[in-house]
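The values are calculated or read from the model by the stated rules, or taken from the named source; none is laboratory data. Keep in mind that what you see is a predicted model, and the values were worked out from it rather than measured. Every residue, glycine as well, gets a Cβ built from its backbone with ideal geometry; the counts of neighbours run over all protein chains shown. Note: accessible area is taken over every heavy atom of the protein model, side chains too, but ligands, DNA and RNA are not part of it. Shrake-Rupley method; radii C 1.70, N 1.55, O 1.52, S 1.80 Å.
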Amino acid sequence: VGEQALLKCSFKSSSPITERLMVDWTYRPLAGGNMETIFHYQSVPYPTTVGKFKDRISWVGNVARGDASIAIQSPVLSDNGTFICSVKNPPDV
C-alpha cells in the first residue's frame, strides 16, 4: 500500500515483433465479478480511462525485450485481485 506496484509480464515469440503486437491486461477483483480490461498496448500504451485504475497505470514494458510489464500508482488493499497479461504477436499468440 502506498508504494508503486510493478506487475511483471515477460513473453517470447517465434515471430518478429511488429506494430501488430498487442498487450492486454485484465483484472478481476478478489471478491469475484467480471473481468475488466485495465490496459491495452499496440505500438503505444492505452491505459484505462474508466474504473478504479483510471490515471494510475503506467507502461514500463519494452516489447523489443519481451517485456509487457505495467506499474500501478498508489495501490490500495481493495486493488487485490487477479491480474492477467495477454500478449498477441500475429501470427503468434
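Kindly indicate whether any position in region 68-77 is open to solvent by 40 Å² or more (accessible area, probe 1.4 Å) and without any contact (Cβ under 8 Å) to a residue 40 or more places away in the chain. Working first, answer last.
Just the residues of region 68-77 that are open to solvent by 40 Å² or more (accessible area, probe 1.4 Å), to begin with: 73-74, 76-77.
If we keep only those that are without any contact (Cβ under 8 Å) to a residue 40 or more places away in the chain too, we end up with none.
No, there is no match, as no residue in region 68-77 is open to solvent by 40 Å² or more (accessible area, probe 1.4 Å) and without any contact (Cβ under 8 Å) to a residue 40 or more places away in the chain.
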Exercise for review: Give the residues of region 19-54 that are β-branched (Val, Ile, Thr) and either at pLDDT 95 or above or loosely packed, with under 11 Cβ neighbours inside 10 Å (or both), sorted by residue number.
Suggested key: Val23, Thr26, Thr37, Ile38, Val44, Thr49, Val50
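Look through Asp24, Asp55 and report the one residue that is among the charged types (D, E, K, R) and either within 24 Å of Pro90 (Cα to Cα) or touching a Cys at 6+ places or on another chain (Cβ under 6 Å) (or both). Full working, then the answer.
Values: Asp55 fails: either within 24 Å of Pro90 (Cα to Cα) or touching a Cys at 6+ places or on another chain (Cβ under 6 Å) (or both).
None of the others qualify; the one that does is Asp24.
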Exercise for review: Please determine, by comparing only the residues of region 1-10 that are of a type in the set (A, V, I, L, M, F, W, C) and at pLDDT 95 or above, which one is most open to solvent (accessible area, probe 1.4 Å).
Suggested key: Leu6
Check your understanding: Does Val93 satisfy the criteria of being touching a Ser or Thr at 6+ places or on another chain (Cβ under 6 Å) and open to solvent by 30 Å² or more (accessible area, probe 1.4 Å)?
Key -> no
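Confirm whether Ser13 is more than 14 Å from Cys85 (Cα to Cα) and open to solvent by less than 60 Å² (accessible area, probe 1.4 Å). Working first, answer last.
On the way: more than 14 Å from Cys85 (Cα to Cα): yes; open to solvent by less than 60 Å² (accessible area, probe 1.4 Å): yes.
Judged against the criteria, Ser13 is a match.
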